[in-house]
């Protein structure tokens, strides 16, 4: 399973998921027969799990990623590396 969720995106998913879980838990303790807090709890739990594992199935299905691209230290892949005084 390849990571497709970036660091900032993962932090936001964990934070907002935890807030959703807190809200739905407080609503379910006051009025246990409601359906909306149960749905919000399931979706918030899914967002927390996506943030922790840094994998989102919906992003994977769409072929999108929010991870940062890596920059190679050797320079551009099309240009050969020039030798300097240190080599």
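The values are calculated or read from the model by the stated rules, or taken from the named source; none is laboratory data. Remember, predicted model here, so these are calculated numbers, not experimental data. Methodologically, a virtual Cβ is constructed for each residue, glycine included, from the backbone with ideal geometry; neighbour enumeration extends over all protein chains shown.
Number of residues in the stretch 44-59 that are in a helix (DSSP H, G or I) and either surrounded by 14 or more Cβ atoms within 10 Å (Cβ to Cβ) or touching a helix residue (DSSP H, G or I) at 6+ places or on another chain (Cβ under 7 Å) (or both): the value is 10.
Just a yes or no: is a residue in the stretch 70-84 surrounded by 11 or more Cβ atoms within 10 Å (Cβ to Cβ) and modelled with pLDDT under 90?
The initial filter retains those residues of the stretch 70-84 that are surrounded by 11 or more Cβ atoms within 10 Å (Cβ to Cβ), namely 75.
Subset that is modelled with pLDDT under 90: 75.
Yes, because at least one residue in the stretch 70-84 is surrounded by 11 or more Cβ atoms within 10 Å (Cβ to Cβ) and modelled with pLDDT under 90.
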